[in-house]
């Protein structure tokens with residue numbers, strides 16, 4: 001069971017426990033009306049304690065070591081998006097998080113990276129579940145029945161605002177994966193997708209867009225999607241992912257892209273695992 005699947009299980013278990021005790025508040029999430037958007041009447045409310053228990057970055061920093069790791073990871077990404085390196089990285093605010101193989105923790109890393117950047121005072125974050133087959137982020141936040149990325153790609157008349165799920169986590173919005181389709185590769189490589197990325201990347205000058213994509217060696221979608229990204233983060237599971245798989249994955253990526261690596265699930269004594277323990281960053285890394 002992957003890290004994100006364990007997080008989903010913990011959230012669902014906590015939700016069931018609250019339901020059994022008669023508590024009407026869902027500890028996984030609840031939706032409520034909001035007047036913030038004329039198109040969307042839903043807001044995703046996080047239960048911070050439950051997310052922290054599942055190993056997700058939260059404002060109260062119940063897992064300070066994890067929070068510090070993602071602070072280190074996000075800094076070069078923000079620098080390439082808006083800082084001194086931004087002139088060298090086209091579309092630097094559009095970031096894809098992927099891995100070589102399933103189960104390395106890419107979705108877990110994408111969620112934590114999004115939440116960590118959302119804690120910044122100067123930026124907003126849009127987290128997009130582009131892993132249509134698995135849709136782990138969509139399932140984690142119980143957004144399975146909401147329209148999402150694939151719906152927009154199949155129906156250009158669909159307003160982008162109808163897909164955005166606002167959250168009570170400051171600065172963070174989510175677009176779910178949408179309905180499953182056998183044409184995911186074709187949709188992600190379409191001109192509609194390219195136009196969509198331009199739209200969401202340029203609509204707000206301080207926005208970071210994070211795509212959680214499928215593993216590079218599992219499906220062809222990620223290689224296609226990577227061509228439209230400004231930055232690519234490759235999650236590698238320590239002591240498990242073969243070096244040959246990592247090299248093959250890097251070989252699928254455009255060497256002119258800014259490519260970073262997160263070494264995930266490394267050990268550091270005291271019986272706990274680190275996430276984002278090491279981050280190597282550079283063009284064509």
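Which residue out of 142, 218 is part of a loop (DSSP other than H, G, I, E, B) and within 24 Å of residue 250 (Cβ to Cβ)?
From the options 142, 218, the qualifying one is 218.
Sort through 128, 197, 174, 137 and tell me the only one that's modelled with pLDDT of 90 or more, over 28 Å from residue 247 (Cβ atoms) and crowded, with 16+ Cβ neighbours inside 10 Å.
Only one candidate passes the filter, namely 174.
Within region 57-79, restricting attention to residues that are modelled with pLDDT of 70 or more and touching a helix residue (DSSP H, G or I) at 6+ places or on another chain (Cβ under 6 Å), which residue is surrounded by the fewest Cβ atoms within 10 Å (Cβ to Cβ)?
Step by step, filter region 57-79, then rank; the result is 70.
Name the residue that is surrounded by the fewest Cβ atoms within 10 Å (Cβ to Cβ), counting only residues in region 200-212 that are modelled with pLDDT of 90 or more and more than 12 Å from residue 94 (Cβ to Cβ).
206
Taking the criterion of being part of a helix (DSSP H, G or I) and over 24 Å from residue 111 (Cβ atoms), would at least one residue in region 222-232 satisfy it?
Taking every residue of region 222-232 in turn, none turns out to be part of a helix (DSSP H, G or I) and over 24 Å from residue 111 (Cβ atoms).
Considering only region 92-135, state which residues are part of a strand (DSSP E or B), within 15 Å of residue 76 (Cα to Cα) and under 11 Å from the mean Cα position of the chain (by Cα). Break it down stepwise before answering.
Let us first name the residues in region 92-135 that are part of a strand (DSSP E or B), namely 94-99, 124-129.
Those still in the list that are within 15 Å of residue 76 (Cα to Cα) too: 94-97.
Correct list: 95, 96, 97.
Residues being within 10 Å of the chain's Cα centre (by Cα) and either free of Cβ contacts under 8 Å to residues at least 12 places away in the same chain or more than 22 Å from residue 200 (Cα to Cα) (or both): count how many of those fall in region 137-147.
Matching residues across region 137-147 total 0.
Within region 250-267, restricting attention to residues that are under 15 Å from residue 104 (Cβ atoms) and buried (at least 23 other Cβ atoms within 10 Å of the Cβ), which residue is modelled with the lowest pLDDT?
264
Scan region 159-213 for residues that are assigned to a helix (DSSP H, G or I) and within 23 Å of residue 101 (Cα to Cα) and jot them down.
Those that are assigned to a helix (DSSP H, G or I) and within 23 Å of residue 101 (Cα to Cα): 184, 185, 186, 187, 188.
Can you tell me which condition residue 256 does not meet? The list is (1) over 16 Å from the mean Cα position of the chain (by Cα); (2) closer than 20 Å to residue 93 by Cα; (3) touching a residue at least 60 places away in the same chain (Cβ under 8 Å), and all the others hold.
Of (1) over 16 Å from the mean Cα position of the chain (by Cα); (2) closer than 20 Å to residue 93 by Cα; (3) touching a residue at least 60 places away in the same chain (Cβ under 8 Å), only one is false for residue 256: (3).
Is it true that some residue in region 180-193 is touching a residue at least 24 places away in the same chain (Cβ under 8 Å) and within 28 Å of residue 83 (Cβ to Cβ)?
Yes; the residues of region 180-193 include at least one that is touching a residue at least 24 places away in the same chain (Cβ under 8 Å) and within 28 Å of residue 83 (Cβ to Cβ).
The values are calculated or read from the model by the stated rules, or taken from the named source; none is laboratory data. Predicted model only: the values in this text are computed from it and were never measured. Using ideal geometry, Cβ is built from the backbone for each residue, glycine included, and neighbour counts are taken over all protein chains shown.
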